[in-house]
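Visitor: Before anything else, here's the structure in question.
Read-outs throughout are calculated quantities, based only on the coordinates presented, and are distinct from any laboratory measurement. This is a predicted model, so every value here is computed, not measured. Ideal geometry is used to build each Cβ from the backbone, glycine not excepted, and the neighbour counts take in all protein chains shown.
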Amino acid sequence: MNILSNAIKFTNAPGKVRLTVECISVYREKSAVKFVISDTGIGMDEPFIPKVFDTFSQEDSNRNNKFGSTGLGMAIAKNIIDVMNGTISVKSRKGKGTEFSVVITFNNCQYHNGEEAEHETDCRQRADLNGCRILLAEDVFINAEIMNEILSVKGAETDYAETGAAALKKFSSSELWHYDAVLMDVRMPEMDGLEATSRIRALDRPDARAVPIIAMTANAFDEDVQRSMQAGMNAHLSKPVEPDKLYQTLEELIWETDKNN
């Protein structure tokens, strides 16, 4: 509400304010939801953008009289989002408008009773991994070798990338729908798995939005799962990865992607 209020406040007629809400990832009992608030208002100079979340921060103090601003709205919004372990980012051009993006992870509503939900989980369809092409981003070579052996048991083909940047390059230069899934180590030098995933999702190609991306990390805390989802990952596997769990996750996600595309 604070962000929407600001968007309306700083957009003169006949301007536009737009709110979009998108579920970007679902994993177990949680969903990551992205809110984008954009306007065609007065915008901000680039040097001021990093200060927009500071308390009592205003680009032009004279605006207080014209717009009734106190400089607290964005600071309050940022604090609430931080408490919820979410992320907020902003893009703006002077005289062109502003766009805020907020990603927060929520608990899913319980639509079914426990017995029905368990039955639904057990009945999920699975794809055959034989012949599937998996992009594997892992900076420790021996770990990559082990993953390659595990996947080869099911007949899957592995394309190895030693960093997040290398994974991004391989995916962006591949043919459409070349990869059936991406296994992404979260902690890597040069570009970590979260940033690499965000950049893959931002590519202007349909498979970038749809390809299953699975996080692999030694961190299994709830906030780590949330960060993975908010970056656009579809699932989170803890290291050392259990082969059966890996197979199940890949088979279900690939089947779901094939069905929808």
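Visitor: Aspartates and glutamates near residue 94 by alpha-carbon distance under 15 Å, same-chain residues fewer than 8 away left out - which ones?
Guide: 39, 45, 46, 59, 60
Visitor: Let me ask something additional. If each residue of separation counts as 0.36 nm, what is the full-extension length gain between residue 150 and residue 1 once their alpha-carbon separation is subtracted?
Guide: 48.8 nm
Visitor: Something else now. Can you compute the helix-only [θ] at 222 nm over the chain? Use -39500 (n - 2.57) per DSSP H run of at least 4 residues, normalise by all residues, nearest 500 deg cm²/dmol.
Guide: -10500 deg cm²/dmol
Visitor: Considering only 83, 26, 17, give the residue with the highest GNM mean-square fluctuation for the chain, with springs between Cα atoms whenever their separation is below 10 Å.
Guide: Among 83, 26, 17, the largest mean-square fluctuation in the Gaussian network model of the chain belongs to 83.
Visitor: Using a/c under 1.5 as the rounded threshold, could you call the range 217-256 rounded, prolate or oblate? The axes a ≥ b ≥ c are square roots of the C-alpha gyration tensor eigenvalues, and prolate needs a/b larger than b/c, oblate otherwise.
Guide: It comes out oblate by the Cα gyration axes.
Visitor: Taking neighbour counts of Cβ atoms within 10 Å as a proxy for exposure, in what order, fewest first, do 200, 42, 142, 49 appear?
Guide: Lowest count first: 142, 49, 42, 200.
Visitor: Oh, and also: Please sort 166-172, 73-79 by packing, taking for each peptide the average over its residues of neighbouring beta carbons within 10 angstrom, highest first.
Guide: Ranking the peptides 166-172, 73-79 by packing returns 166-172, 73-79.
Visitor: Sticking with this structure for a sec: Which one, 195, 242, 223, has the greatest fluctuation when you compute a Gaussian network model over the chain with C-alpha springs under 10 angstrom?
Guide: Residue with maximal mean-square fluctuation among 195, 242, 223: 242.
Visitor: FRET efficiency for residue 76 and residue 259, Cβ-Cβ distance as r, R0 = 25 Å, nearest 0.05?
Guide: Once rounded, the FRET efficiency stands at 0.05.
Visitor: Which order results if 53, 100 are arranged by neighbouring Cβ count within 10 Å, fewest first?
Guide: Lowest count first: 53, 100.
Visitor: Only Cα pairs within less than 10 Å get springs; with that Gaussian network setup on the chain, which residue of 224, 54, 207 has the largest fluctuation?
Guide: Ranking 224, 54, 207 by mean-square fluctuation puts 54 first.
Visitor: Using the structure shown, select from 30/154; 16/91; 30/259 the pairs with a Cα to Cα distance greater than 20 angstrom.
Guide: Check vs 20 Å cut-off fails for 30/154; 30/259.
Visitor: Moving on. Let me know the charge dipole size of the range 126-260 about its Cα centre in debye, to the nearest 20, where only the beta-carbon of Lys, Arg (+1) and Asp, Glu (-1) is charged.
Guide: Using only the charged Cβ atoms, the result is roughly 320 debye.
Visitor: Taking H as built 1.01 Å from N, whose amide H comes closer than 5 Å to the amide H of residue 187, not counting residues under 5 places away?
Guide: Excluding prolines and chain starts, which carry no amide H, the hits are 193.
Visitor: Run through all the Cα pairs of the range 170-261 and give the fraction in each 5 Å bin from 0, expressed as whole percent.
Guide: For the range 170-261, the pair-distance distribution reads 3, 14, 25, 25, 20, 10, 3, 0.
Visitor: Now for a different question. With a Förster radius of 45 Å, plug the Cβ-Cβ distance of residue 142 and residue 93 into 1/(1 + (r/R0)^6) and report the FRET value to the nearest 0.05.
Guide: 0.45
Visitor: Compare the Cα positions of 3, 250, 203 along the charge dipole of the chain (+1 at Cβ of Lys, Arg; -1 at Cβ of Asp, Glu; about the Cα centre) and return the one farthest towards the positive end.
Guide: My answer, from the dipole projection, is 3.
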